[in-house]
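None of the figures in this text is laboratory data; all of them are computed from the coordinates on show. None of these values were measured; they are calculated from a predicted model. Glycine gets a Cβ as well: all are built from the backbone with ideal geometry, and neighbour counts include every protein chain shown.
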């Protein structure tokens, strides 16, 4: 009988890639979502845990409210989605020894120091980071096997931004990327590989995956312009701090010290220029 994995949050960025990787390894995947005929209906804001299936070997807590602004503006609602309901689902399955896996974020750190280590003091400076830290605490206190994977920005989450930039650059319209906002992009494929490997080998622990450097958004825009072969003078970098409503947080560093399962290679952060080029060839530079 094939092993069964439950993926909480099937309509987001990570779930399709994770499901595909698990199926390659012989897993059957079951999905929940707020809507859709092909999924178990589960609204994390008002969850009915009675709909959850039995005989599950791994539960992936992937659904989350990732908007930093919404977490600041609606902390009670987002706390339910990002902490309380995932914790309840984990407890629901923990008595059966089900493996619980989740994604966390570099934003559990304040970003003052580059390449934060797994056991570095967590000092989140935004509500989203605080919520992720609270969920980490809940899961690490459970008797059931748990896996937490902290990650830097998944490059595919930049798809909408780079498509908008591409549209404007093709029309010879200037774009204004931020000089004071950085990220250390990693690939969705690698995230899915790490999570599925942990499930397949039933590995517990706190892991981290990162890009090998931070880059600002002006760098991303310049690489996009180069690959589109449009004039770079269309790029007009600006400071997000000067906006009427600046970003919720702009850490100086987002990189993490690489800490992934020993059986996976390479044992190193991802090459950010390579990750970015491959991503832009798929999503932006057309």
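Rounded, prolate or oblate for the range 206-260? Axes are the square roots of the Cα gyration tensor eigenvalues, ordered a ≥ b ≥ c, and the cut-off for rounded is a/c under 1.5.
Since a/c reaches 1.5 but b/c is at least a/b, the shape of the range 206-260 is classed as oblate.
Please find the FRET efficiency linking residue 179 to residue 264, where r is the Cβ-Cβ separation and R0 is fixed at 30 Å, and quote it to the nearest 0.05. Walk me through the intermediate numbers first.
Details: r = 35 Å, r/R0 = 1.16.
The value I calculate is 0.30.
I'd like the FRET efficiency for residue 95 and residue 25, computed as 1/(1 + (r/R0)^6) with the beta carbon distance as r and R0 of 25 Å, rounded to 0.05. Can you show the working numbers first?
Working: r = 26 Å, r/R0 = 1.03.
Efficiency, from the Cβ-Cβ distance: 0.45.
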Give the separation of the Cα centroids, the range 54-97 to the range 219-286, in Å. 28 Å
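Checking the a/c ratio against 1.5 first, then a/b against b/c, what shape does the Cα gyration tensor give for the range 8-72?
Working: a/c = 2.09, a/b = 1.34, b/c = 1.56.
Oblate shape, in that a/c is at least 1.5 and b/c is the bigger or equal ratio.
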Given springs between every Cα pair under 10 Å in a Gaussian network model of the chain, which of 32, 66, 102 has the largest fluctuation? 66
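Report relative contact order for the range 213-286 in percent, whole number only (criteria: Cα-Cα under 8 Å, sequence separation at least 6). List each step's numbers first, then the result.
Values: 33 pairs, mean separation 30.8, N = 74.
Relative contact order for the range 213-286 comes out at 42 percent.
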A chain fully extended from residue 157 to residue 257 at 0.36 nm per residue, minus the present Cα-Cα distance, gains in nm 33.9 nm
Expressed as a whole-number percentage, the relative contact order of the range 142-286 with C-alpha contacts under 8 angstrom and at least six residues apart is 37 percent
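Mean separation of Cα pairs under 8 Å and 6+ residues apart, divided by the residue count of the chain: what relative contact order is that in percent? List each step's numbers first, then the result.
On the way: 546 pairs, mean separation 54.9, N = 286.
Once normalised by length, the contact order is 19 percent.
Going by the alpha-carbon gyration tensor, a ≥ b ≥ c the square roots of its eigenvalues, is the range 64-106 rounded (a/c under 1.5) or, if a/c is not under 1.5, prolate (a/b greater than b/c) versus oblate?
Values: a/c = 4.96, a/b = 2.06, b/c = 2.41.
Judged from the Cα gyration tensor, the range 64-106 comes out oblate (a/c at least 1.5, b/c at or above a/b).
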Between the helical axis of 127-140 and the dominant principal axis of the chain, each derived from Cα atoms, what acute angle in degrees is found, rounded to the nearest 10? 30 degrees
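Efficiency by 1/(1 + (r/R0)^6): what FRET value for residue 125 and residue 40, r their Cβ-Cβ distance, R0 = 41 Å, to the nearest 0.05?
Details: r = 36 Å, r/R0 = 0.87.
Computed FRET efficiency for residue 125 and residue 40 comes out at 0.70.
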Could you work out which residue, out of 253, 31, 39, moves most in a Gaussian network model of the chain, that is, has the largest mean-square fluctuation with Cα springs under 10 Å? 39
Within a Gaussian network of the chain (alpha carbon springs, distance under 10 Å), most fluctuating of 64, 33, 171: 171
Taking the Cα atoms only, what angle lies between the long axis of helix 14-24 and the longest principal axis of the chain, rounded to 10 degrees? 60 degrees
With each pseudo-label sitting 7 Å past Cα toward Cβ, what's the residue 222-residue 73 distance in nm, one decimal? 3.4 nm
Using alpha-carbon coordinates, inclination of helix 159-170 to the longest axis of the chain, degrees: 20 degrees
